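The values are calculated or read from the model by the stated rules, or taken from the named source; none is laboratory data. All values reported here derive from a predicted model rather than from experimental measurement. Reconstructed Cβ throughout: ideal geometry from the backbone, glycine too, with neighbour counts over all protein chains shown.
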Amino acid sequence: MGTLADLINSTLVFSVALIFAALGGVFSERSGVFNIGLEGMMTAGAFGAAIASYYMETDGGATTSSPWVGLIAGVFCGLVFALLHAYATVSLKADQTIVGVVINILAVAVTLYLVKIIFDGAGDTAQLEQVFAKWPIPLLSDIPFVGRAFFNSYPTTYIAYILVPLSAYLLFKTPFGLRLRSVGEHPGAADTVGINVTKYRYIGVLISGALAGLGGATITLTTTSNFSHSTISGQGFIAIAALIFGRWNPYGVFGAAFFFGMAQALRNFLTRFEFSQSIPSEFLYMLPYVLTLIVLAGAVGKSVRGPAAAGEPYDPSKR
Amino acid sequence: MNRAADIFNKPSTYIPFIAILLGLLCGGIVMWIGGYDPFAAYGALWNTVFGTKYDFGETIVAITPILFTGLAVGFAFRAGIFNIGADGQYIIGMTAATFIGLKVHLPAFIHAPLALIVGMLCGALWGALVGWLKAYRGVNEVISAIMLNWIALYLSNYMLRDFLVKKGEQKTPNIDETASLSIGWLKNFMNGARMDWGIWIGLLCVLIFYVLLWRTKQGYELRAVGHNADAAKAAGINIKASFIKTMMISGAFAGLGGVFSVLGVFHYQVVQAASAGYGFDGIAVALLGGNHPVGILLGAFLFGGLTYGSSGMNFEADVPTEIVRIVIGSIIFFVASHGLIRTVIQPFFKKRKSRERKGAGMNGNVG
Amino acid sequence: MEQAVPVVELRGITKRFPGIVANDAISLELRKGEIHALLGENGAGKSTLMSILFGLYQPDEGEIRVNGQPQAIDGPGKAIELGIGMVHQHFKLVQPFTVAENIVLGIEPSKGLSINYRQANAKVKELSERYGLMVDPTVKVENITVGMQQRVEILKTLYRGAEILIFDEPTAVLTVQEIHELMQILKRLAAEGKSIILITHKLKEIMEVSDRVTIIRRGKVVGTVNTAETSESELAEKMVGRRVSLDKPKPPANPGEVVLELSGVTVAGADKGKPVVEDVSFSIRAGEIVGIAGVDGNGQHELVEALTGLRSLQSGSIRLDGKDIGHAPVKTRIKAGMSSIPEDRQKHGLVLDFSVGENLILGSPEEDRFFKGGFLNKSEIDRHATRLIEAYDVRTPDIHNKTRSLSGGNQQKAIIAREMERDPRLLIAVQPTRGLDIGAISFVHDRLLQARSEGKAVLLISYELDELHRLSDRIQVIFDGRIMGEVDPEKAGDDEIGLMMAGKKQAGKGASS
């Protein structure tokens, strides 16, 4: 049992970043905008966290507040790229997939360019001394199994615990959520009752950027402790997979991201065991993508359908 | 369905040129902010590309893969499919060619063509998977292709690690000399630049792209599906088969890109943590090239030149090579957001615009 | 003349689109509590005018006054604020949302931060009962009938306190029974003091329900008349601009051998549910036009798709000239002599981004002629196109022009040219005059009659009873996927057909057994 608890615990480390980014994807796609650019926004977030924390450390010495500043900076950097995405796809009605690809190219290029300038040509940032430490939650962490698995984790994990139900509440219980979803399903209907389609799509994309940035920052501040070209390599796409696998629902996304995170955790975890040598790690890496394809192809149950208007720029003259 | 066609059917051919200028301008501003001299940097870029025979040859080496992936993306676009999966098809084609190049031993006249054809076919099949999922399972091709890109990467790594690479190493041994598609005399002529058959087959593919799409019955049908799948279906065209055919041809183009990277340029393959992204550059190339084979060729020249030239910028002007990725990203951004360009340059094109409007007015459908 | 200030006054509204003046100095007054019909042909500018009143478009010139005050209506939000509501022809409903969610969208009652669903449901229920609309607020819109969806649209406007209601072609998708109920609802709304603008081109509805009529032709107001002082024929003449003599008698039919024979045709519904076409049997002989009457959505689409090969049969057989083609691919059917004019010409009939010439060979059975050895035979394609646009009077500057640049009427002519040129045995025409003006309508009708006199079998599917009466030799009435019976257009009145279309009465013979 202890081993399983440990596996869940380390799964959470991998999953939380995916949960954030995929939750972001929920808001964006529910508002009608495909966001292939989650990867780029995560990259921006990871970069922002590394740089901001680095400056906090060099200027003020390592303090426990510096990762928090990094986290906020990560959110901010994600927002910058999300703003570009929203401007192009919503205001200029550019193709959402292409803009997503652009965001991914630009985010990597701009962040590495800046890293090389700041660190004199080096391809990665300095190792941070002060990153997040695990916070055991008093009382809860003492619960057998559950405490060890879920309540002895990084602060970001607890943020995820809050954000998932909060997102579900926002989307399904509030006027804001109803309007956001209406814009993603039938922008013409929303428009004719006076809902500002542009505004809600901007909000959807910006939330996705903020959350993807949070996800990227989480990786820097809990896993890698610095930023390089390989800090974010594919997590944004696994988040998209989790988004689909979780059927555009925050709780579903939590489950899917947890599951995909476990595939990654399992890789490190299995090295403890003899038999693990016979399982090529590549297959564990592949798992999220293969499963998502299977789900999409409708091999299990009904094939899934996203928000009806996602992917289409809204053209009022065609309403 | 019409989306792919819509992206490219903008009548304005001036947009790519303005986008290129704006992209270079963005790059210049970013360099200036970073404390570099943009003029020196762009000068260095030009010199690198056109400086020596060797450099020009290596520029062509940089052009070749994105010419193939550009053709792959452009062809699929014309037939109504957004092939974001050229990356995976490229990797699969490359890995298959490596496998044949290493594990099969045959005389040269058959070994190289076999490796080429197997690589191409494997790329085609990987592409066909996207087409099949779209045709028979209704899976959005963008999503399935993204998934398949990563699956391709890991599948390739698995193949390399378990079958082709010696334990502890990250790259395969060189392929058999008999499987090489390098052109020795041209290599010597270009002072050692890694010249191969890739660019020539690429040019042939440009021609094939054109003839196939605009001169044959098959192409007529694929274009009909690309523009309006419903009408094509009602006219008796098998659109499911069309999706699969399109993706096979597209995947074959992308696969060829991977084939030449191994058989022509490197002669070995490396285990990678992430893909080199040629498929995504292919999207950029196709978009810039207006989805026309000649445009794609020009687009590949530009982006290939920029990519190879970035090393010179780094060497001579000390600018990080990422600057070129910023330039390329900006160019696609401006092409995709042509609305922005239109607004900015509207004053200069007022006359033209009013003429366009008049023309469009003939069909004003007012209800 | 009148004492009270009109609730809406449009003064000199002009709206130009590139190359066309959609509304040319239109003025109109809506009085409180009246039902004011807005009559005009397709493309006359009715919808544009109402889109301006609802804030979807901005007028280039002119003034809108609401309750005497000049107003700039810059968006639907502003229109709603002024008490204007619109029931759109294509419903603006979010399918996966519930009825109540759709109605309260944008002005949700809340409790703290949450939506107060209990209050929303209660309010919708109360409103629905007050106007006799009888909708259940808690069901999802995707699960209710079209007629119910329209009521949800009406409730949306009432919930927002609309005093001025615009109905855009509200009866196009309704059954006869539903139309009748809608007319009652309109009268009830007017009696409650709501002012209603009814956009339509159906004269009968206008005569039944409206107080006044404004007729628009080519973007201009022809006149406003009191309904009580006019007649259908006068309105028709004003709408078209000349005497309408569409009722020219057709030559007597001269039916020959059976060309198309359907027996027990059944088409499965989505997810293997209830069949959407059930046990349909009838035949068409050479030289006759058989009409299918029915309200949109009663299986016509599916029946046509099963005929043309776009949808598979669950059971039954389709014979063309005795040959079973029930399971043959589209191409085989075309080669066997089947032509079709689809309902949605832009979606199913043409590739708009192809040249006119390319469209004229779309689906052509003569593959050897246009494709030599797998390659396009450009000169033959051009020759073919040049001849056809001449013969069928397709107005295009050039055969290499994109088909998108043609007017709707000319696009339809191009399809007819292509399909007729194949000299088919069977011509299937679905709503062949939808969206066309009178001139083009009469062209299409003439061509269908010509096909008939040439000895082709013609299947005509239409939602317009007038059209069916005018052209058909026999009419099959379809309801809920089943043929209710066959009627003789010479003898049967609209009432009888209407009842059958609503599934009320089955004719003695021809019903499925």
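For the reader, a short list of remarks on this structure follows.
- Test: residue in region C:376-383 that is within 10 Å of chain B (Cβ to nearest Cβ) and touching a Ser or Thr at 6+ places or on another chain (Cβ under 8 Å): yes
- Annotation: residue A:15 fulfils all but one of (1) buried (at least 24 other Cβ atoms within 10 Å of the Cβ); (2) of a type in the set (Ser, Thr, Tyr); (3) in contact with a Ser or Thr (Cβ under 7 Å, 6 or more places away or on another chain); the unmet one is (3).
- Just one of the listed residues (A:290, A:197, A:193, A:253) is within 30 Å of residue C:100 (Cα to Cα) and without any contact (Cβ under 8 Å) to a residue 24 or more places away in the chain, namely A:193.
- Options B:80, B:57, B:74, B:88; residue that is part of a helix (DSSP H, G or I) and modelled with pLDDT under 95: B:57
- Exactly one residue out of C:7, C:21 is touching a Ser or Thr at 6+ places or on another chain (Cβ under 9 Å) and either more than 24 Å from residue C:216 (Cβ to Cβ) or buried (at least 21 other Cβ atoms within 10 Å of the Cβ) (or both), and it is C:7.
- Residue check for residue C:179: surrounded by 20 or more Cβ atoms within 10 Å (Cβ to Cβ) and touching a Phe, Trp or Tyr at 6+ places or on another chain (Cβ under 7 Å): no
- Only one entry in C:343, C:302 is at pLDDT below 95, acidic (Asp, Glu) and touching a helix residue (DSSP H, G or I) at 6+ places or on another chain (Cβ under 9 Å), namely C:343.
- Checking each residue in region B:16-41 for being free of Cβ contacts under 8 Å to residues at least 24 places away in the same chain and within 26 Å of the chain's Cα centre (by Cα) picks out B:17, B:21, B:25, B:28.
- In region B:322-346, residue nearest to residue B:55 (Cα to Cα) [restricted to those that are facing chain A (nearest Cβ under 9 Å) and surrounded by fewer than 22 Cβ atoms within 10 Å (Cβ to Cβ)]: B:338
- For region B:193-236, the tally of residues that are part of a helix (DSSP H, G or I) and within 14 Å of chain C (Cβ to nearest Cβ) stands at 24.
- Residue in region B:49-72 that is touching a helix residue (DSSP H, G or I) at 6+ places or on another chain (Cβ under 9 Å), free of Cβ contacts under 8 Å to residues at least 40 places away in the same chain and either away from chain A (no Cβ under 14 Å) or buried (at least 20 other Cβ atoms within 10 Å of the Cβ) (or both) present: yes
- Taking region B:277-305 as the range and being surrounded by fewer than 24 Cβ atoms within 10 Å (Cβ to Cβ), touching a Gly at 6+ places or on another chain (Cβ under 8 Å) and among the small types (Gly, Ala, Ser) as the test, only B:295 passes.
- Residue within region C:97-119 that is surrounded by 16 or more Cβ atoms within 10 Å (Cβ to Cβ) and among the acidic types (Asp, Glu) present: yes
- Flag for residue A:280 being surrounded by 20 or more Cβ atoms within 10 Å (Cβ to Cβ), more than 18 Å from the chain's Cα centre (by Cα) and modelled with pLDDT under 85: no
- Some residue of region A:72-83 being more than 17 Å from the chain's Cα centre (by Cα), closer than 16 Å to residue A:220 by Cβ, more than 12 Å from every other protein chain (Cβ to nearest Cβ) and assigned to a helix (DSSP H, G or I): no
- Residue list for region C:437-466, restricted to those being within 14 Å of residue C:260 (Cβ to Cβ), buried (at least 17 other Cβ atoms within 10 Å of the Cβ) and of a type in the set (Gly, Ala, Ser): C:451, C:457
- Some residue of region A:152-163 being touching a residue at least 24 places away in the same chain (Cβ under 8 Å), farther than 21 Å from residue A:240 by Cβ, in a helix (DSSP H, G or I) and aromatic (Phe, Trp, Tyr): no
- Scan region A:288-319 for residues that are at pLDDT 85 or above, under 21 Å from the mean Cα position of the chain (by Cα) and more than 7 Å from chain B (Cβ to nearest Cβ) and the total you get is 2.
- Note on region B:140-155: residues that are modelled with pLDDT of 90 or more and among the polar types (S, T, N, Q) total 2.
- The listed residue being surrounded by 15 or more Cβ atoms within 10 Å (Cβ to Cβ) and away from every other protein chain (no Cβ under 14 Å), out of A:192, A:156: A:156
- Looking at C:480, C:466, C:473, just one residue is of a type outside the set (Gly, Ala, Ser), under 19 Å from the mean Cα position of the chain (by Cα) and under 24 Å from residue C:277 (Cβ atoms), and that residue is C:480.
- Selection count where residues are over 18 Å from the mean Cα position of the chain (by Cα), part of a helix (DSSP H, G or I) and aliphatic (A, V, I, L, M), scope region A:55-71: 2
- Checking each residue in region B:106-128 for being buried (at least 24 other Cβ atoms within 10 Å of the Cβ) and either of a type outside the set (A, V, I, L, M) or within 14 Å of chain A (Cβ to nearest Cβ) (or both) picks out B:119, B:122, B:123, B:126, B:127.
- Among the candidates C:363, C:322, the residue that is within 24 Å of residue C:451 (Cβ to Cβ) and in contact with a Gly (Cβ under 7 Å, 6 or more places away or on another chain) is uniquely C:363.
- Test: residue in region A:212-231 that is under 23 Å from residue A:94 (Cα atoms) and either within 14 Å of chain C (Cβ to nearest Cβ) or modelled with pLDDT of 90 or more (or both): yes
- Helices (runs of 4 or more DSSP H) wholly inside region C:394-485 that include at least 2 residues being in contact (Cβ under 8 Å) with a residue 12 or more places away in the chain and under 17 Å from residue C:497 (Cβ atoms): C:465-471
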